[in-house]
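Inspection log for the structure reproduced underneath, given as structure tokens.
The values are calculated or read from the model by the stated rules, or taken from the named source; none is laboratory data. Everything numeric in this text was worked out from a predicted model, so none of it was measured. A quick note on method: Cβ atoms are made from the backbone with ideal geometry, for glycine too, and the neighbour counts reach across all protein chains shown. For accessibility, only protein heavy atoms count, side chains too; no ligands or nucleic acids. Shrake-Rupley method; radii C 1.70, N 1.55, O 1.52, S 1.80 Å.
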Amino acid sequence: MNKKLFVISGSSGVGKGTVIGGFLKRNPHFTLSISCTTRQMRPGEVDGVNYFFLSKEEFKECIDGDKFLEWAEFAGNFYGTKQKYIMQCLEDGKNLILEIDTQGAMQVKKKMPESVLIFIAPPSFEALEKRLRGRHTEDEATIQRRLDAVKKELERAESFDYQIINDDIENAIESLEYIIKKELA
Ligand code: 5GP
């Protein structure tokens, strides 16, 4: 295994997708892992592109069959990364990015201590709440569950290798690029 695994976490609505997307546009040779989830597809999402959308039964079968490198329950849904896919990418010499929650990130670090954990933090909790509500894709109960999850995420982020504060998208992309290049040097 000669390539690195970068695990990026951040609270929902923090804009981590935009930061990672900006990084990948400039660094197209990086591979973004596609996770499995049991949550409902949002408008515009495509199965096999954004996620592999599984039923709860299918997800449970993968857990029982020990197919996941990591998995977690997040805000009432299950999310997981397939072990085989990750190992194959690393064997193929690809630098991989996993965009997963902090519970999953800590499982990956335990199994693969050489992985690099990066947390994208909101400038403030209030800013994040505003962004999450502005998305208009979830109902109030879902938003509340996500805000509770955010608090837990911020606590776990303390043990990450790096933290980037996303107060400006462009700066955040540059910080991510800097960290990843430094780790690969
Ligand atoms: P969303 O439903 O907004 O796409 O994602 C909710 C949370 O699940 C985000 O924090 C995202 O990073 C996390 N997530 C996505 N895929 C995975 C995965 O494979 N494993 C884990 N543990 N979390 C994931």
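Numerical summary
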read-out	value
Calculated diffusion of the chain, Stokes-Einstein form, Kirkwood radius summed over Cα pairs, 10 °C and 1.306 mPa s, µm²/s	94
Shape category assigned to the range 1-92 from the gyration tensor of Cα positions, a/c cut at 1.5	oblate
Long-range amide H partners of L32 with built H, under 5 Å	I97
Carbon + sulfur, % of accessible area of the range 67-116 - ligands and nucleic acids excluded, 1.4 Å	53
Under 5 Å, built H, 5+ apart or other chain: amide partners of A75	none
Rounded accessible area of S175 (nearest 10 Å², 1.4 Å probe)	50
Accessible surface, the chain, averaged per residue in Å² (probe 1.4 Å)	53
14 Å beta-carbon shell around V108, net charge (K/R +1, D/E -1)	+1
Listed residue pairs exceeding 18 Å between alpha carbons, taken from K4/K182; K25/K82; K16/K67; K25/K94; K152/K181; K16/K130	K25/K82; K16/K67; K152/K181
Relative contact order (%) - the range 84-185, alpha-carbon pairs under 8 angstrom, separation at least six	31
At most 14 other Cβ within 10 Å, DSSP loop - trypsin sites (Lys or Arg not before Pro), the range 78-185	R135
Rounded percent of accessible protein surface that carbon and sulfur make up, the range 146-185, 1.4 Å probe	47
Local electrostatic count, E129, Cβ distance below 14 Å [Lys/Arg +1, Asp/Glu -1]	+2
Solvent exposure, largest accessible area first (probe 1.4 Å, DNA, RNA and ligands not counted), of D64, D168	D64, D168
Cleavage-rule hits (GluC sites (Glu not before Pro)) in the range 34-91: DSSP loop, at most 15 neighbouring Cβ within 10 angstrom	E45
